[in-house]
Amino acid sequence: MARKLLLEHINVPGINKFDVYRQKGGYRAVEKALKTLTPDEVVEEVKKSGLRGRGGAGFPTGMKWSFLAKPEGVARYLVCNADESEPGTFKDRYLMTHIPHALIEGMIVSSFALGANTSYIYVRGEMMPQIRILEKAIAEAKNAGFLGKNILGTGYDLELYVQPGGGAYICGEETALLESLEGKRGNPRIKPPFPAIAGLYGCPTVVNNVESIAATVPIINDGGDEYAKIGIGRSTGTKLISASGNLVRPGVYEIDLGLPVEEFIYSDEYCGGIANGKRLKATVAGGSSVPILPANLTLKLANGEPRLMSYESLSEGGFATGSMMGSGGFIAFDEDQCIVRNTWNFSRFYHHESCGQCSPCREGTGWMEKVLHRIEYGHGKMSDIDLLVDVSKKIEGNTICPLGDAAAWPVASAIRHFRDEFEWHVKEPIKCLDTNYGLANYAEPIAKAEVTTGN
Amino acid sequence: MLKVEEQQPVEFSSALKEKFDEIISRYPKGKQKSALLPMLHEVQAELGWLSPNAMDKVAAYLDIQSIEVYEVASFYSMYFLKPQGKYMLEVCRTGPCCLVGAEKLMNHIEQNLGVKEGEVTSDGLFSWRGVECLAACGYGPVLQIGPEYTFYENLNEQKVDELIQDLRKK
């Protein structure tokens, strides 16, 4: 059984309350950081840990922190990105629901490291129950002297607030999130300047994902070097993976980075295999924005070596035969799922969520949705398939924020790996309405993967 | 829940104003516009939707232009710009939930309630709509009901029927 850093005490009754969390060793990281370390030393530990942003981009957190401008007399802000909206991702909801003090503790440690005296947790508005949980946890922590003025007598002040969003995927993009926090529409800003120079209210700001911030707690407790021992290569530490789709046991799992994908899907310790005894057709490994992979490329790299759950291994092979770690939203499709329908569904999502600022994204996402809809419903033409590729290429890289790329990649990758299924929809406009292409039509049906049991 | 008609004048209760002031105190001086999104949630929880009069009042309270409120309220999907049923059933319609039967569930809700997506039942109790990913993909299909966004997970047709029946009795 792998060591749990974030979810170690998740099953302790009452762990969502301050007293129980404290009994289990909670808030030790705050004591250690504030009483024995300087802010720069905290940043140094996080750098040593090799922690990479858990929200999707995978940028080293310590390096991001070290970019923060520190002009004299100007406030600095830490904003936690809890606008979890990437289809397939629900780890932050899980963490905030069950162990909210892990996030609060991480916020205190991280705010101290950055010299922020006011910090915000931007939670998507739909997570109202989690907002209430966090507000309660903050009140408890304040009551115990871990928030407010002169924390633990160290002279450090910190106020922590929860900000609800209004329901917009785009606000997970850090500059859109800052716009939203300022009470505006969530339109991403042109960078530079980066938030580290001019972020919230024009002040230097760091925006970090919930899981990244919570991970600073074990990093400070055990030291960055200890944290870096877990994992593989430049993918250090543990990662929360949200598993969904046609799995026996979907849910949130904390894994050591470097776990073989096959073990994650089939072992009883994790997802327990594909539901209803069916076979795996495809996976989306890191949330809807990353390229979809057929089952064979999910389990093995193009050279036949096993694929691992790590930033490097998941992206091995580039977009030709690889995908991305993303936010760790692992979606599994069984043999009866229709790739065209799912691609259309994701396209509709991006069309709905495009902020409308950049024409390639505003127009392109709607166009792709429309074309995919007609292919799925038996009105497609062969030329539509290349049209989709063409539109996706013209969105990719031509927008202010990565939503354009995120909309283009699922379409391009679905056609790259499942072109025959798109063509079948065009050739069989009646049949495709009530049957799915399945696995049976593949030249080489994907063999039922061998079940490996946990270590 | 208070029913507010399109042109009906809106007065905020003193309890609501107290809440507004607490929210505004979270931000630096002069940055009170940051309070807009949380305030709109509070107003919608009380009135059931955001009428133009209510939005104008919010603008006046924050000392900003009305258009600054309209553009925000129309951008975000959680704010209702027309009256809804007392219970708005919001069903996740994005990929992972569809893999486990969200589309079938929406058809079932439409049949059970007898109204199309976005419409209100004649008794004013229910409306429903498909919404994009609610970040609960492992527990799908899911739906939520405002204003506290109570969450219902691992749904099937029978569970939804029971839920609707329970809400009717309330």
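Could you tell me the relative contact order of chain A? Use alpha-carbon pairs under 8 Å, at least six residues apart, and round to a whole percent.
It rounds to 16 percent for chain A.
Rounded to the nearest 10 degrees, the angle from helix A:100-114 to the longest Cα principal axis of chain A is 70 degrees.
Listed by chain and number, the aspartates and glutamates placed with their C-alpha closer than 12 angstrom to that of B:LYS169 amount to none; residues fewer than eight positions away on the same chain are left out.
Assign unit charges at the C-beta atoms only (+1 for Lys and Arg, -1 for Asp and Glu), then state the dipole size of region B:87-169 relative to its Cα centre in Debye, rounded to the nearest 20.
Charge dipole of region B:87-169: 60 debye, to the nearest 20.
Among B:SER34, B:SER66, B:SER14, whose mean-square fluctuation peaks in a Gaussian network model of chain B (Cα, cutoff 10 Å)? Among B:SER34, B:SER66, B:SER14, the largest GNM mean-square fluctuation belongs to B:SER14. As a proxy for reagent exposure, B:CYS92, B:CYS98 were ordered by neighbouring Cβ count within 10 angstrom, fewest first; the result is B:CYS98, B:CYS92.
If one computes the Cα centroid of region A:8-52 and of region B:1-59, what distance in Å separates the two points? Going from one Cα centre to the other spans 37 Å. Partner shielding of B:34-46 amounts to 4, given as the average count of beta-carbon atoms from other chains within 10 Å of each residue beta-carbon.
The alpha carbons of the protein assembly as shown give a radius of gyration and a Dmax of 24.1, 74 Å, in that order. Against chain B, whose longest principal axis comes from its Cα atoms, helix B:102-113 is set at around 80 degrees. Mean residue ellipticity, 222 nm, helices only, the protein assembly as shown: the sum of -39500 (n - 2.57) across DSSP H runs of n ≥ 4, divided by residue count and rounded to 500, is -12500 deg cm²/dmol. Each of A:TYR161, A:TYR77 has some number of other Cβ atoms within 10 Å of its Cβ, and from fewest to most they run A:TYR161, A:TYR77. As a proxy for reagent exposure, ranking A:VAL123, A:VAL252 by other Cβ atoms within 10 Å from fewest up yields A:VAL252, A:VAL123. Per residue, the average separation of C-alpha pairs within less than 8 Å and at least 6 apart gives region A:295-338 a relative contact order of 26 percent. Which of the residue pairs A:LYS278/B:LYS104; A:LYS64/A:LYS239; A:LYS24/A:LYS142; A:LYS91/B:LYS82 have a Cα-Cα distance greater than 22 Å in the structure shown? From A:LYS278/B:LYS104; A:LYS64/A:LYS239; A:LYS24/A:LYS142; A:LYS91/B:LYS82, over 22 Å: A:LYS91/B:LYS82. Every Cα-Cα pair in region B:87-169 was counted, and those over 19 Å apart are 27% of them. In loop segments of region A:42-100 as defined by DSSP, the GluC sites (Glu not before Pro) with at most 11 further C-beta atoms inside 10 Å of their C-beta are A:GLU72. Within region A:153-251, list the trypsin sites (Lys or Arg not before Pro) lying in a DSSP loop whose Cβ has at most 14 other Cβ atoms in a 10 Å radius. Those that pass, being in a loop and sparsely packed, are A:ARG234. Sparse packing (at most 11 other Cβ atoms within 10 Å of the Cβ) combined with a DSSP loop state is found for none of the GluC sites (Glu not before Pro) in region A:118-218. Among A:ASN221, A:TYR156, A:PRO410, whose Cα sits farthest toward the positive end of the charge dipole of chain A (+1 at Cβ of Lys/Arg, -1 at Cβ of Asp/Glu, about the Cα centre)? Toward the positive end, the furthest listed residue is A:TYR156. Listed by chain and number, the aspartates and glutamates whose C-alpha is less than 18 Å from the C-alpha of B:LYS159, apart from same-chain residues fewer than 8 away, are B:GLU90, B:GLU103, B:GLU110.
Only the coordinates and a few stated rules stand behind these numbers; no lab work does. Just so you know, these numbers come straight off a predicted model, no measurement behind them. FYI the Cβ positions are ideal-geometry reconstructions off the backbone, even for glycines, and counts take in every protein chain you see.
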